[in-house]
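Heads up: the structure comes next, in structure tokens.
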Amino acid sequence: MNGPFVVPVREIVRLPGQMREHELSVPIRERWGEGIVSVEQGTTVDVDVRLESVHEGILATGEADTRYDGECGRCLRAVSEPVEVEFQELFAYPGEEASDFEVQDDHVDLETLVRDAVVLSLPFQPVCEPDCPGLDPETGERFDSSASKETAAPIDPRWSALQQIIDQGSTAEDRDSTNTEGS
């Protein structure tokens, strides 16, 4: 087995109580994640992992650090944030119980484990800032950039008849005030 996330465990296989620590810094070969945000191809993933030999196999415990890139779910501004995830998984010895992860040829391949942990931690609706106001539905501009322009709230069509009465009343008042000032 070879690959950037493959770690040898020959020295600790079937020796419960033995432990090894490894640090990996790997540029990923393909994009991780789908949707608004993802970890792009070539982005470096830093992995600190502790491999412990137990009776059932090799227990991998560690954390992975990288960055995700994408767009804000409210205003479509570019977003790039760090991702830090912790993981723990048992790599079972082959031939024993059925397991998702197994020790193969005295090696463990952490790629699937790390990728799954990172992808599951990506935000579903990322935002550029916690109180991002989003886009104006009429103009398509960001609300904070168009905040200087004061716009009236849209009127519910069921209340439009009342709005016409209010508008008629205000124009009548304007005419009355103009007439009294002119006299």
Given (1) open to solvent by 70 Å² or more (accessible area, probe 1.4 Å); (2) more than 19 Å from E102 (Cβ to Cβ), number of the condition R20 does not satisfy: (2)
Given the conditions (1) under 13 Å from the mean Cα position of the chain (by Cα); (2) of a type outside the set (D, E); (3) not in a strand (DSSP E or B), which single one is not true for V114? (1)
Subset of segment 78-117, residues open to solvent by 40 Å² or more (accessible area, probe 1.4 Å) and of a type in the set (V, I, T), comes to T112
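The values are calculated or read from the model by the stated rules, or taken from the named source; none is laboratory data. Quantities reported herein were computed from a predicted structural model and do not represent experimental measurements. When we count neighbours, we look across all protein chains shown, and the Cβ atoms used for this are built from the backbone with ideal geometry, even at glycine. Accessible surface areas use protein heavy atoms only, side chains included; no ligands, DNA or RNA. Shrake-Rupley method; radii C 1.70, N 1.55, O 1.52, S 1.80 Å.
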